[in-house]
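Structure first, commentary second.
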Amino acid sequence: MQRERLVLDPTARRRAEEESVLHAAPGPVLVDVLGELAWAVGDPDLLRQLLVDPRVSKDPRQHWPRFIDGEIVGKWPLYLQVSVDNMFTAYGHAHRRLRRLVAPVFAARRLDALVPSIERNTGELLERLARADGDVVDLRSAYAVQLPVRVMSDLLGIPDGMRVSFKETIDRIWNTTGTAEQALAATTDVYTLLTELIELKRAHPADDLTSGLIATRDDETDGTALTARELIDTLLLIVAAGYETTVNLIDAAVTGLLADPRQLGHVRAGRAGWEDVIEEALRVSAPVSHMPMRYAVEDIELPGGVTIGQGEAILPSFGAASNSPKHLGASAGVFDVTRPEKPHLAFGHGVHYCLGAPLARAEGRIALAGLFDRFPDLELAEPADRLAPLPSILGNGHVSLPVRLRSGQLGGSDREATSS
Ligand code: HEM
């Protein structure tokens with residue numbers, strides 16, 4: 001007998017509807033993720049609980065029978081996400097080892113050392129945007145995409161000539177509407193680019209994250225070095241995470257502020273800071289909606305009578321869990337920068353908590369402060385509810401974000417209207 005399941009829309013046009021179903025369910029909801037079944041968890045308390053439960057693994061090689069039996073293959077659009085060999089898909093000791101090897105390389109490029117690069121890149125991009133003052137531009141491609149791509153490329157030492165190819169290929173990986181052949185081609189292309197990058201950095205090491213990771217790979221002294229596969233897949237994780245997610249954060253924050261000008265007014269009047277804007281954007285529109293996959297190491301009985309069977313897949317629904325009405329009530333879906341509490345799970349929870357969260361927050365803050373300082377009268381050129389969503393089950397953003405750039409001063413009455 002076929003079990004009842006919610007089929008997740010790969011185009012993301014039904015995301016709000018799907019989130020309502022997850023919010024209304026007392027426990028996990030069986031979903032069809034591009035042909036594979038999983039228990040989606042959008043209840044924030046249950047998700048927090050499962051993310052720290054040792055009976056929940058991220059390693060399909062050990063704990064997903066469908067993967068072990070060869071049923072999950074490259075043609076499944078999310079194959080790459082689950083099959084990579086890095087901290088993202090590791091469990092227990094293996095995860096601690098991989099995260100411990102990589103975390104110091106991140107720490108070595110501490111956030112305060114990255115801030116000047118974020119500010120310089122923001123300044124250059126705003127200068128470029130200023131040439132289109134008065135015009136309608138797609139702020140996503142002209143700004144929200146450009147900043148993380150520049151910052152991450154600087155961090156990783158990706159040369160100018162490879163940045164566009166990386167960005168386009170990563171976009172194809174996040175897109176969940178392609179054919180099986182397109183998914184395979186995107187995988188091949190991203191590995192070709194990463195191999196080129198590693199060869200380049202091995203020949204010309206520099207003070208960047210890629211060279212640091214290569215050194216970790218090549219340091220065989222204590223037998224714990226990254227394997228060749230772990231090196232390339234760790235780089236893939238960092239590029240994929242760093243290029244796409246922060247874009248969605250900036251996109252969500254700008255959309256939230258412009259869709260309801262009172263919100264921008266709160267910031268201008270000092271009733272809220274840029275940190276509030278960032279946290280509220282993460283809460284209402286988590287940049288990563290669902291993150292495949294986790295697997296039950298043994299049967300997990302949940303209150304309410306649902307048992308997640310051993311070997312069954314679990315899909316953390318970070319988006320639904322973050323904007324859940326469970327604790328904030330019916331207004332949970334409303335973007336309100338003045339809320340005293342903005343709890344969310346946009347960066348995950350537990351041992352896999354996002355390693356790039358401080359960087360993403362800093363990029364978002366600097367990007368927004370710079371943008372609204374340079375263009376105080378920025379406005380949406382299309383109603384927010386008409387913006388097309390990115391065609392992705394995973395990433396949550398817009399295909400484009402048309403805005404009118406306006407650096408000129410508003411008249412007094414207009415200004416008052418936006419700040420009341
Ligand atoms: C707004 C931006 C970002 C969001 C919303 C985000 C979201 C997430 C989430 C939800 C996880 C947990 C995945 C899970 O538990 O299954 C995660 C993990 C991770 N993120 Fe981010 N991320 C962002 C930016 C970044 C950036 C800029 C980097 C790198 C510079 C990064 C690197 C990572 C890494 C390496 C992990 C894996 C950690 C582990 O498995 O132990 N992220 N991220």
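Every number here is computed from the coordinates shown, using simple stated rules; none is lab data. Everything quoted here is computed from the prediction, not taken from an experiment. For neighbour counting, all protein chains shown are included, and Cβ atoms are generated from backbone atoms with ideal geometry for every residue, glycine included.
The figures follow:
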item: Longest segment of the chain lacking trypsin sites (Lys or Arg not before Pro) that sit in a DSSP loop with at most 16 other Cβ atoms within 10 Å; result: 132-270
item: Charge-dipole axis of the chain as Lys and Arg at +1 and Asp and Glu at -1 on Cβ define it, positive-most pick from Val136, Thr227, Val73; result: Val136
item: Once exposed loop GluC sites (Glu not before Pro) are cut out (DSSP; at most 15 other Cβ, 10 Å), longest piece of the chain; result: 72-219
item: Hits among aspartates and glutamates - C-alpha to C-alpha of Lys201 under 20 Å, sequence gap 8 or more where chains match; result: Asp154, Asp160, Asp189, Asp218, Asp219, Glu220, Glu230, Asp233
item: Cβ-defined net charge surrounding Asn86, 15 Å radius [Lys, Arg +1; Asp, Glu -1]; result: +4
item: Dipole magnitude of the chain about its Cα centre (Cβ charges: Lys, Arg +1; Asp, Glu -1), debye to nearest 20; result: 360 debye
item: Percent of Cα-Cα distances greater than 40 Å, calculated over region 6-419; result: 15 percent
item: Gain in span if fully extended, Arg5 to Ile68, counting 0.36 nm per residue against the direct Cα distance; result: 20.3 nm
item: Extension gain (nm, one decimal) between Glu17 and Arg128, 0.36 nm per residue minus Cα-Cα; result: 36.1 nm
item: Coil-residue chymotrypsin sites (Phe, Trp or Tyr not before Pro) of region 298-363, DSSP, other Cβ within 10 Å capped at 14; result: Tyr353
item: Magnitude of the charge dipole, region 140-261, Cβ model with Lys/Arg +1 and Asp/Glu -1, debye to 20; result: 280 debye
item: Residue-span extension gain [Asp385 to Ala180] - 0.36 nm each, minus C-alpha spacing; result: 70.7 nm
item: Among Asp260, Asp208, Asp251, residue whose mean-square fluctuation peaks in a GNM of the chain (springs only between Cα atoms under 10 Å); result: Asp260
item: Charged-residue dipole, Cβ positions (Lys, Arg, Asp, Glu), region 173-222 about Cα centre, Debye nearest 20; result: 180 debye
item: Sequence-distant aspartates and glutamates (8 or more away, or on other chains) whose Cα lies within less than 20 Å of Lys342; result: Glu19, Asp43, Asp45, Asp251, Asp260, Glu275, Asp276, Glu279, Glu280, Glu363
item: Residue with peak Gaussian network fluctuation, the chain [Cα springs, cutoff 10 Å], from Val247, Val52, Val190; result: Val52
item: Rough spin-label spacing in nm, given labels placed 7 Å along Cα→Cβ, for Arg61 and Ala24; result: 4.2 nm
item: Theoretical ellipticity at 222 nm over the chain - DSSP helices of four or more residues, -39500 (n - 2.57) apiece, nearest 500; result: -16000 deg cm²/dmol
item: Of His95, His204, His349, the one that fluctuates the most in a GNM where the chain has Cα springs shorter than 10 Å; result: His204
item: Prolate/oblate/rounded label for region 41-170 (Cα gyration tensor, a/c 1.5); result: prolate
item: Leading residue at positive end of dipole, the chain (Cβ point charges), from Ala185, Ile366, His349; result: Ile366
